[in-house]
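Comments concern the structure below.
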Amino acid sequence: MSIKIKSAREIELMTEAGRILDRVHRELGRKLQEGMSTADIDCLGEEIIRSFGCTPSFLGYNGYPASICVSVNEEVVHGIPDRHRIIKEGDVISLDAGVIYRGYHSDAARTYILGDADEEVRKLVEVTKQSFFEGMRYAKEGYHLYDISRAIGSYARRFGYGVVRELCGHGIGTKLHEDPQIPNFEMPRGGPKLRAGMTLAVEPMINLGTEKVRWMPDGWTVVTKDGKPSAHYENTILITTGEPKILTLSEEIIK
């Protein structure tokens, strides 16, 4: 495992990439409405990304055909936008996006509920987000990578949720996916020691029911095996000598 420590200049560039992606997500979140197609969301997201002079990280990545991964309800991640897929009230909509700014990537995901939804679904979305912040308590020098993983998984399991095991977070920088891989569940060892200058994309993917997933025939879309909703929350973070810096979130308070 080769984990790159970023220089001061690289951190500046990644900080700006993160700031831009935060704005992309905020604009997308404000504009989501019933009757949009998932392709509409993708087109809007790409337009916003390019308005900042950036390139979408996902478009063409290993053949992925869109700029925004739009995953609805039982879709965990990597949903492919479709002009025939219309979002409606009560849908759980996860948007995963990345931008390239001067050669450096940022990566973040948000899950929204359109209109009214069952309380159990709202709780799932809240817990998924909070599980990220539980992990951030250990995202600092002196801890190990899998301390983050353990905190995320143990928090989500308190509520009886399924923690996806087949997909994980990752390092990030000049490549969208760098070492290390970051599971969302407890590992038998501590993993690499965290050092200032590491940049990581930490992304809990939590299911209302079983942890088990399956891939759809399109080769990209991952869905829950029991058909129950899933939620996804991700940020690009920087390990520092103190508290972690959340590059893709303007409100950097660790909850």
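Quick look at the values:
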| quantity | calculated |
| --- | --- |
| Selected residue (criterion: farthest from the chain's Cα centre (by Cα)) from residues of the range 45-71 that are aliphatic (A, V, I, L, M) and surrounded by 20 or more Cβ atoms within 10 Å (Cβ to Cβ) | Ile48 |
| Residue list for the range 1-40, restricted to those being assigned to a helix (DSSP H, G or I), hydrophobic (A, V, I, L, M, F, W, C) and open to solvent by less than 60 Å² (accessible area, probe 1.4 Å) | Ile11, Leu13, Met14, Ala17, Ile20, Leu21, Val24, Leu28, Ala39 |
| Top-ranked residue of the range 129-156 - restricted to ones that are open to solvent by 40 Å² or more (accessible area, probe 1.4 Å), charged (D, E, K, R) and under 19 Å from Gly197 (Cα atoms), ranked as nearest to the chain's Cα centre (by Cα) | Arg137 |
| Given (1) more than 30 Å from Ile11 (Cβ to Cβ); (2) surrounded by fewer than 24 Cβ atoms within 10 Å (Cβ to Cβ), index of the condition Glu75 fails | (2) |
| Residue match in the range 94-110 (condition: of a type in the set (S, T, N, Q), under 30 Å from Ile239 (Cα atoms) and touching a Phe, Trp or Tyr at 6+ places or on another chain (Cβ under 9 Å)) | yes |
| Criterion: of a type outside the set (Ser, Thr, Tyr) and free of Cβ contacts under 8 Å to residues at least 24 places away in the same chain - qualifying residue of Glu134, Glu166 | Glu134 |
| Residue in the range 163-178 that is open to solvent by 60 Å² or more (accessible area, probe 1.4 Å) and of a type in the set (A, V, I, L, M, F, W, C) present | no |
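The values are calculated or read from the model by the stated rules, or taken from the named source; none is laboratory data. Owing to the predicted nature of the structure, the values given are computational and were not obtained by experimental measurement. Methodologically, a virtual Cβ is constructed for each residue, glycine included, from the backbone with ideal geometry; neighbour enumeration extends over all protein chains shown. Please note that ligands, DNA and RNA were not included when accessible areas were found on the heavy atoms of the full protein model with its side chains. Shrake-Rupley method; radii C 1.70, N 1.55, O 1.52, S 1.80 Å.
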